[in-house]
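Single-structure report; data block below.
The values are calculated or read from the model by the stated rules, or taken from the named source; none is laboratory data. Keep in mind that what you see is a predicted model, and the values were worked out from it rather than measured. Note that each Cβ is placed from the backbone with ideal geometry, even for glycine, and that neighbours are counted across all protein chains shown. The accessibility values were calculated without ligands, DNA or RNA, using every heavy atom of the protein model including side chains. Shrake-Rupley method; radii C 1.70, N 1.55, O 1.52, S 1.80 Å.
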Amino acid sequence: MMSLTEVKLPDIVRKQFFYKVKAYLSVFSSLLVVQVISLLLSTNGSRMMGTSHNGFSIDINYYTGDISIVLTLIWSFITAIIITTKAYRNDDFVFVSNRVSSHLSNIVFLFFTSVIGGVTAVLAGQSFKVVMHLFLKDGYVMGTAIPFHELILSLIVSVMYVFLLAALGYFVGMLVQLYRWFSVLLPTIVIGYMIIGARVGGEPILIVEIFKFYAQETVLLLFLIKIILTSCLLFFISSILTNKLEVRQ
Amino acid sequence: MIVAAFFPLVLLLILIVLIYSISKNIGKIPILQKLKIKWALVIYGAILLLALLFSYLIPAGDSSVYPAVSETERNEAEKAGELLVKAAYDRKNIRKENIEDVEINDQSTIPFEGEQLEISVEETYGPLTVLVERKLENDQKIEYIEYHTKTIIENLDLTDEIDPLSVSIEGELLRVMNGGFKDIRIGMFDKEFTISQFTSDNGVELFDDSHHVWGEHVLFLRIPKGVEVIDKYEYVHYVKE
């Protein structure tokens, strides 16, 4: 029997998004576990500096929330890959839907998880500093507390980085769904390139250049534009790729 | 060497596998199945917000142990060190030069009746230049003044941690050595890369160098007229007459 009710795309996307938030709740519990692990790893310091002159040695341990943010980036990348798997994609067909609505709801969901991940990563870093402040011994020093405007900056930048990694994960996930052998080929290429790059030129140039393109951009507006454009491009290519997939494949 | 080079990559892979396993199997963990995930997330969020509020209440700021200095002061200390060493190499009379940010770390007078003075520089905090001024008379006293510039590690002034040089006379031997061994350990809260990317000049550095300025030391000796200086290792410069 055909339905006479016309369903609008934004309505489907909204319904699918809310459904995914409820159905994929385990995504957030894994985030919680990952961030707790990151706090434990941070207790040794994010980086260390040691130097000495004759008879005088100094060791500095730097405590930051960097590990929390980095692990959240990895979590975001993996989460995006996981939601491209067949089991998750079939969930979209609970509703009357098409590929466009499926992609859009995935993108909105990934943005939502990026906001949650990015914000909690920064806040976890702050809570780590509070805990360390209570436990640090005499002689340890307290750095300047983050001013409020820098906290906001950190939240925005963190969310954008998490979203970029989600877009990359979504692209990789779709690629692997389309061509299964990519699941072996991609890690081999990336890891192999990093090993060969590190041995031949001292550092893998392409990866260093990609790193510089985003992480050495000091103008916030340009950074936001770079992240948004790259993410849009990755999502766009992902959606084009999946046109080749059969319905419910 | 190779193991050290690939350690970050191996660590990254282990983390990816660990996080993937957590993400994939989180629903199968019995404790988490019993736990109300929604409530766990709400409580976690509340803890994070409370910690954020608390972070603005705790007495944050500079070290209670070491004085903090600005980047400008660190640059000035570096410049002062260069000027001090240059003045010593140019054999200028530092006592009369008044170089900015150069301070006296220690000074004293030692009785000396010998005719030869052998200078022995043993373990010191760093490169040491000895500058000798001959007095116009033989008053049988050696005066020494230790000039130094600030030692700044990151933004902490550790100058006071460096003890004055130990200068002593044993017969006709003048022994110069450092005041004692120091091992300092510091914990520092730093800004996350998501902030420093926009507050530093070059964004996030892939290989972040720490900033430190080791203080320069010049030992200024005023020796009695007629005393011959023996300096086997060429530490000594003589003030221009």
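Sequence-distant or interchain residues sharing an amide H contact under 5 Å with A:G65, placed H: which? Those qualifying (amide H under 5 Å, at least 5 residues apart or on another chain) are B:E192. Relative to the dominant Cα principal axis of chain A, helix A:182-200 is inclined by about 30°. On a 0 to 90° scale, report how tilted helix A:66-82 is relative to the longest principal axis of chain A, with both axes built from alpha carbons and the result rounded to the nearest 10. Between the helix axis and the principal axis of chain A, the angle is about 20 degrees. The Cα center of segment A:25-47 and the Cα center of segment B:69-84 differ in position by 40 Å. Between the amide H of B:N105 and those of B:E146, B:Y147, B:H148, distances stay under 5 Å, these residues lying 5 or more places away or on another chain, with hydrogens modeled in the peptide plane. Under a 5 Å amide H cut-off, with hydrogens placed 1.01 Å from N, B:V132 pairs with B:L221, B:H237, B:Y238, B:V239 among residues at least 5 apart or on other chains.
Once you have a ≥ b ≥ c as the square roots of the Cα gyration tensor eigenvalues for segment B:133-187, tell me rounded if a/c is under 1.5, and otherwise prolate or oblate according to whether a/b is larger than b/c. Oblate. Put the Cα centre of segment B:151-168 next to the Cα centre of segment B:211-241 and the gap is 20 Å. Taken residue by residue and averaged, Cβ atoms of other chains lying within 10 Å of the Cβ of A:112-120 number 1.
Taking every C-alpha pair closer than 8 Å and separated by at least 6 residues, the mean separation divided by the residue count of chain A gives a relative contact order of 23 percent.
Between the Cα long axis of helix A:148-178 and the first principal axis of chain A there is an angle of about 50°, rounded to the nearest 10. Remark: mean inter-chain Cβ contacts per residue of B:45-54 equal 5, using a 10 Å Cβ-Cβ cutoff to other protein chain atoms. Across peptide A:17-29, the mean count of Cβ atoms from other chains lying within 10 Å of each residue's own Cβ comes to 3. With 31 Å as the limit on Cα-Cα distance, the pairs of A:K86/A:K212; A:K86/B:K28; A:K15/B:K191; A:K129/B:K38; B:K86/B:K225; B:K79/B:K141 that go past it are A:K86/A:K212; A:K15/B:K191; B:K79/B:K141. Working from label points 7 Å from Cα in the Cα-to-Cβ sense, the B:K240 to A:F112 distance is 7.9 nm. The residues of chain A expose, per residue, 49 Å² of accessible area to a 1.4 Å probe.
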